[in-house]
Amino acid sequence: MQSYGQELVTMLWRILGNEQDVCDAYQDTFLQLAHYEGGRKPEHLKAYVFRTANNIAISMLRRRIAERNRLSRPITTTSVSSPAREIDSKYLQETLRSYIAQLPEHLRNVITLRDLAELSYSQISRILGISAATARVYRCKAIQLLSVWMGKEE
């Protein structure tokens with residue numbers, strides 16, 4: 001890592017322009033490397049590290065822009081929740097929870113780990129002993145089922 005650590009920091013600095021973000025992206029890059037497919041070393045280590053760092057930096061920029069846009073929107077009075085809206089929201093949450101509970105176990109596990117625990121597909125694949133592609137397919141099927149079921153509810 002010492003052989004191209006400075007190059008990596010330079011690249012991250014050009015993309016992010018913020019010392020704290022550069023440090024965070026650098027750390028996240030090596031955390032992802034440490035968790036790479038059960039601790040194995042990627043075939044092209046330098047390419048993997050730089051691509052991962054670039055992806056992390058771009059994700060950070062996207063989050064920063066989204067946050068800035070969210071904060072710059074005017075606050076409207078319609079966002080104030082009324083008791084009726086709170087009841088509707090709670091009803092919707094309970095309905096969704098009951099439908100998730102009705103999903104087949106393999107679909108329910110993927111939905112729970114991906115959307116509630118916010119795990120990556122590679123983490124889900126390791127936990128459930130399936131491929132990441134299979135986890136994506138299961139999530140897609142689960143969302144389709146939930147969409148159909150929720151559509152009938154209306």
Can you work out which of the residues in segment 127-154 that are loosely packed, with under 15 Cβ neighbours inside 10 Å and within 20 Å of Arg40 (Cβ to Cβ) is farthest from the chain's Cα centre (by Cα)?
-> Gly129
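Which of the following residues is exposed (fewer than 13 other Cβ atoms within 10 Å of the Cβ) and under 28 Å from Ile130 (Cα atoms): Ala47, Ala53?
Working: Ala53 fails: exposed (fewer than 13 other Cβ atoms within 10 Å of the Cβ).
That would be Ala47, the only listed residue that is exposed (fewer than 13 other Cβ atoms within 10 Å of the Cβ) and under 28 Å from Ile130 (Cα atoms).
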Could you grab me the full set of residues in segment 72-98 that are among the polar types (S, T, N, Q), modelled with pLDDT of 70 or more and over 23 Å from Gly151 (Cβ atoms)?
-> Ser72, Ser82
Tell me, yes or no, whether segment 81-102 has at least one residue that is surrounded by 10 or more Cβ atoms within 10 Å (Cβ to Cβ), under 17 Å from the mean Cα position of the chain (by Cα) and not hydroxyl-bearing (Ser, Thr, Tyr).
-> no
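Output the residues belonging to segment 116-126 that are part of a helix (DSSP H, G or I) and under 16 Å from the mean Cα position of the chain (by Cα). Walk me through it before giving the result.
From segment 116-126, those part of a helix (DSSP H, G or I) are 116, 121-126; that's our starting set.
If the condition is that a residue be part of a helix (DSSP H, G or I) and under 16 Å from the mean Cα position of the chain (by Cα), then Leu116, Tyr121, Ser122, Gln123, Ile124, Ser125 are the ones that fit.
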Failed item in (1) at positive phi; (2) modelled with pLDDT of 90 or more, with Ala135 passing the rest = (1)
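The values are calculated or read from the model by the stated rules, or taken from the named source; none is laboratory data. None of the values given here were measured: they were computed from a predicted structure. Cβ sites come from the backbone with ideal geometry, for glycine too, and all protein chains shown count toward neighbours.
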